[in-house]
């Protein structure tokens, strides 16, 4: 049985578990489990990608063996345009045939999901992509990715551990540079402005329900002229490749910083697997930041990427480079900086210290319209342009009608 306190926290995601596009043509987002794996991808004239292709085929079989092949509903064909086909179909070959085509040895994209409609965000997804490597032989490689989804109900129906073990096996097969997963905001492939706006809004509500957009984020993890830049911010499930583990001082040094009663730390291929707590935490704004994620953030910060973006462009209210991306990527930093240097096995001290350190941060994090202001200062909301405004303690935060949905006020770090 899961603890009642955890089930109450998990209950907070249910109003957002299935979000339809405004015209109700398809499901734009779901909340569920996900895992994303990044691994080396070479220009085929420089080095072979055969091992990665074989690993992807094995991951395909493993994944559908867990979730059930009956959930293979749609497959996309990529080319001059993207088109979905209802399965079964002969319009796109099976994965093993597709990946063994010499034309796909350096450029592939394979996307199968289980939605009812072609463009649905689905709790069943196998998406793999390795794009052309430019600049060879001077810059011989890039990174590719694999993304997997699983239903939210796996958290409560006894299948959570099977999903975790799947993540470990796929990470080893792919010899990943890094991988992560947990609760995620699962998105449609057919993203629009409303897709990105929703992600910006919900990033202010849940710190533990990850916004994950691999095809955008991968350029912040690796750039051909600069090489490997760093890892993503902490998640419930984390896999560090050998290069990152070495930079952190090796397995024993990493393990010593993560209390064994809170974290699972295991060898994973040539790297390390870290599970931050027994269950994936939603991190609803009213519950505060997940303590284990705050702690892990401090440990992993030395190898974190310098920056992260989650969408192209620079539209207000979205997780773009000059908008909300930095605040979201560094959302655990302020609380992590307040942590005392507790020894690696002091679990009660860990929980107490992290809880205390997040109290002030979570108080400021985001305030829905209609609620009293908790702290005097300058606040802003993505729901309205040029919304920056000074409020006194007790002032009622106003609401605005907009395409962004609920008005949520955020503390402006520039006071």
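The values are calculated or read from the model by the stated rules, or taken from the named source; none is laboratory data. Source: prediction; values computed, not measured. Because the Cβ atoms are built from the backbone with ideal geometry, glycine has one as well, and the counts that use them run over all protein chains shown.
The one condition from (1) over 20 Å from the mean Cα position of the chain (by Cα); (2) outside any loop (DSSP other than H, G, I, E, B) that residue 146 does not meet is (1).
If I filter the range 13-30 for residues that are out of contact with any helix residue (DSSP H, G or I) (no Cβ under 7 Å at 6 or more places or on another chain), without any contact (Cβ under 8 Å) to a residue 12 or more places away in the chain and in a helix (DSSP H, G or I), do I get at least one hit? Checked against the condition, which is being out of contact with any helix residue (DSSP H, G or I) (no Cβ under 7 Å at 6 or more places or on another chain), without any contact (Cβ under 8 Å) to a residue 12 or more places away in the chain and in a helix (DSSP H, G or I), the range 13-30 yields at least one hit. With the condition kept exactly as written, say whether any residue in the range 315-322 is assigned to a helix (DSSP H, G or I), surrounded by fewer than 24 Cβ atoms within 10 Å (Cβ to Cβ) and either in contact (Cβ under 8 Å) with a residue 24 or more places away in the chain or in contact with a helix residue (DSSP H, G or I) (Cβ under 7 Å, 6 or more places away or on another chain) (or both). Within the range 315-322 (the criterion being assigned to a helix (DSSP H, G or I), surrounded by fewer than 24 Cβ atoms within 10 Å (Cβ to Cβ) and either in contact (Cβ under 8 Å) with a residue 24 or more places away in the chain or in contact with a helix residue (DSSP H, G or I) (Cβ under 7 Å, 6 or more places away or on another chain) (or both)), the answer is no, since none of the residues qualifies. Take residue 125 and decide whether it is surrounded by fewer than 18 Cβ atoms within 10 Å (Cβ to Cβ), under 27 Å from residue 184 (Cβ atoms), modelled with pLDDT of 95 or more and touching a strand residue (DSSP E or B) at 6+ places or on another chain (Cβ under 7 Å). Spelling it out, it is not the case that residue 125 is surrounded by fewer than 18 Cβ atoms within 10 Å (Cβ to Cβ), under 27 Å from residue 184 (Cβ atoms), modelled with pLDDT of 95 or more and touching a strand residue (DSSP E or B) at 6+ places or on another chain (Cβ under 7 Å).
Residues that are surrounded by fewer than 17 Cβ atoms within 10 Å (Cβ to Cβ) and within 20 Å of residue 121 (Cβ to Cβ) within the range 1-17 comprise 14, 15, 17, listed in sequence order.
Being within 30 Å of residue 134 (Cβ to Cβ) and assigned by TED's automatic domain parsing to the domain that holds residue 319 narrows it down to one of 208, 158, 181, so name that one. Step by step, each of 208, 158, 181 is checked, and only 181 is within 30 Å of residue 134 (Cβ to Cβ) and assigned by TED's automatic domain parsing to the domain that holds residue 319.
Residue count for the range 22-54 under the criterion of being more than 21 Å from the chain's Cα centre (by Cα), surrounded by 12 or more Cβ atoms within 10 Å (Cβ to Cβ) and within 23 Å of residue 113 (Cα to Cα): the result is 5. Checking the structure you have, find out if any residue of the range 116-123 is in a loop (DSSP other than H, G, I, E, B) and free of Cβ contacts under 8 Å to residues at least 12 places away in the same chain. For the range 116-123, residues in a loop (DSSP other than H, G, I, E, B) and free of Cβ contacts under 8 Å to residues at least 12 places away in the same chain: absent.
If the condition is being touching a helix residue (DSSP H, G or I) at 6+ places or on another chain (Cβ under 7 Å) and surrounded by fewer than 22 Cβ atoms within 10 Å (Cβ to Cβ), then the range 189-208 contributes only 202.
Residues of the range 225-247 being in a loop (DSSP other than H, G, I, E, B) and over 20 Å from residue 329 (Cα atoms), which ones?
Answer for the range 225-247, where residues must be in a loop (DSSP other than H, G, I, E, B) and over 20 Å from residue 329 (Cα atoms): 225, 226, 241.
For every residue, the table says whether it meets (1) more than 13 Å from the chain's Cα centre (by Cα); (2) assigned to a loop (DSSP other than H, G, I, E, B); (3) in contact (Cβ under 8 Å) with a residue 12 or more places away in the chain.
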position	(1), (2), (3)
154	yes, no, yes
163	yes, no, yes
180	no, no, yes
183	no, no, yes
186	no, no, yes
204	yes, yes, yes
218	no, no, yes
254	yes, no, yes
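Restricting the range 218-232 to residues that are over 19 Å from residue 130 (Cβ atoms) and touching a strand residue (DSSP E or B) at 6+ places or on another chain (Cβ under 7 Å), the residue that is surrounded by the fewest Cβ atoms within 10 Å (Cβ to Cβ) is 230.
Of the residues 33, 87, the single one that is in contact (Cβ under 8 Å) with a residue 24 or more places away in the chain and out of contact with any helix residue (DSSP H, G or I) (no Cβ under 8 Å at 6 or more places or on another chain) is 87. Suppose the filter is at pLDDT 70 or above and either within 15 Å of residue 200 (Cα to Cα) or touching a strand residue (DSSP E or B) at 6+ places or on another chain (Cβ under 6 Å) (or both); does residue 385 pass it? So residue 385 fits the description; yes. Across the range 74-92, the qualifying residues are those that are more than 22 Å from residue 191 (Cα to Cα) and exposed (fewer than 15 other Cβ atoms within 10 Å of the Cβ), and the one among them that is farthest from the chain's Cα centre (by Cα) is 90.
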